[in-house]
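Visitor: Would you mind keeping the following structure in view while I ask a few things?
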C-alpha cells in the first residue's frame, strides 16, 4: 500500500470514528434531556430514576472525554501524515478551523442575498 493510500484509508476511518462518537454524544444527550419531560408527563417524583440520570451524566462525561482524546489523536495523525510526506491529503467535506469558509463561488450581497 502506498503512503498516500494508507493516509487516505486512515483518514476515512478516523472520520467514521469521530462521527460515531458525536452520534453517541447526541443520542445520550437527547435521552438525558427527554427523561425529565417523561417524568413530569407521568407525574412522577424527581426521586424516581435519579440514579439513572446520574449514570447518564457520567456516561456523557466519558463520551466527552473520548471526543477530546480522538480530536487530540487527529492532530497527532496530522503530524504523522506530514512525517511520511503526505502533506496534501484532504478527505471529507467538513470545514476545519484553519479553513476559509466554503462558498461554492458565491459571495454575500447586501440584504443577505448571495450572488
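Only the coordinates and a few stated rules stand behind these numbers; no lab work does. In this text the structure is predicted, and so the values were computed from the model without any measurement. Methodologically, a virtual Cβ is constructed for each residue, glycine included, from the backbone with ideal geometry; neighbour enumeration extends over all protein chains shown.
Visitor: Provide Rg and Dmax in Å for region 1-42, with only Cα atoms included in the calculation.
Guide: 18.3, 59
Visitor: List the relative contact order of region 3-90 as a percent without decimals, with contacts defined as Cα pairs under 8 Å and 6+ residues apart. Walk me through the numbers on the way to the answer.
Guide: On the way: 32 pairs, mean separation 46.9, N = 88.
Computed over region 3-90, the figure is 53 percent.
Visitor: Provide, as a two-decimal number, the C-alpha radius of gyration of region 3-90 over 2.2 N^0.38 Å, N being how many residues it has.
Guide: Details: Rg = 19.3 Å, N = 88, 2.2 N^0.38 = 12.1 Å.
In units of the globular-protein estimate, region 3-90 measures up at 1.60.
Visitor: Could you please rank 67, 26, placing first whichever residue has the fewest other Cβ atoms within 10 Å of its Cβ?
Guide: So the ranking, lowest neighbour count to highest, is 26, 67.
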